[in-house]
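A.B. asks: Take a look at the following structure, please.
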Amino acid sequence: QAQLLESGGGLVQPGGSLRLSCAASGISFNLYAMGWFRQAPGKQRELVADITRYSKTNYADFVKGRFTISRDNTKNTVYLQMDSLKPDDTAVYYCNAKLSSINVWGQGTQVTVSS
């Protein structure tokens, strides 16, 4: 059974950093494109960053230069390094695995940026 398990969320002050991890199981991880999405209260879920099976990366404009997505195929894990965090980054962050028509979602991890 495909499963994605996020970790690393929490409370951080503005300007701080967090590193999110997403551990995959039940899928051939190296074949999947992986992504991080987020959803703030009252807003739609939006793409933050994604990385292809070939490690080509793509970022939303609002995180360019601050966030870095990476993957470790030996650990079946994708990461999101978040630096220079802002209050507007507060949201539930979701991990996604995509292969053709297959979409797998994690349960989400809360990130709160506040002083």
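The values are calculated or read from the model by the stated rules, or taken from the named source; none is laboratory data. Here the structure is a predicted model, which is why all the values come from computation and not from measurement. Cβ atoms come from the backbone with ideal geometry, glycine included; neighbour counts cover every protein chain shown. These area figures cover heavy atoms from the full protein model, side chains too; ligands, DNA and RNA do not enter into them. Shrake-Rupley method; radii C 1.70, N 1.55, O 1.52, S 1.80 Å.
A.B. asks: Tally time: how many residues in region 1-44 are under 16 Å from residue 59 (Cβ atoms) and more than 11 Å from the chain's Cα centre (by Cα)?
C.D. replies: 1
Per-residue answers, yes or no, for (1) out of contact with any Ser or Thr (no Cβ under 7 Å at 6 or more places or on another chain); (2) within 17 Å of residue 2 (Cβ to Cβ); (3) part of a strand (DSSP E or B):
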{"residue": "42", "(1), (2), (3)": "yes, no, no"}
{"residue": "84", "(1), (2), (3)": "yes, no, no"}
{"residue": "93", "(1), (2), (3)": "no, no, yes"}
{"residue": "103", "(1), (2), (3)": "yes, yes, yes"}
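A.B. asks: Follow-up question, since we're still on this one. Just give me the residues in region 40-58 being open to solvent by less than 60 Å² (accessible area, probe 1.4 Å) and either touching a residue at least 60 places away in the same chain (Cβ under 8 Å) or small (Gly, Ala, Ser) (or both), in sequence order.
C.D. replies: Those that are open to solvent by less than 60 Å² (accessible area, probe 1.4 Å) and either touching a residue at least 60 places away in the same chain (Cβ under 8 Å) or small (Gly, Ala, Ser) (or both): 40, 49.
A.B. asks: Does at least one position in region 77-100 carry a residue that is at pLDDT below 95 and exposed (fewer than 12 other Cβ atoms within 10 Å of the Cβ)?
C.D. replies: For region 77-100, residues at pLDDT below 95 and exposed (fewer than 12 other Cβ atoms within 10 Å of the Cβ): present.
A.B. asks: Using the structure shown, decide if residue 47 is more than 15 Å from the chain's Cα centre (by Cα) and assigned to a strand (DSSP E or B).
C.D. replies: No.
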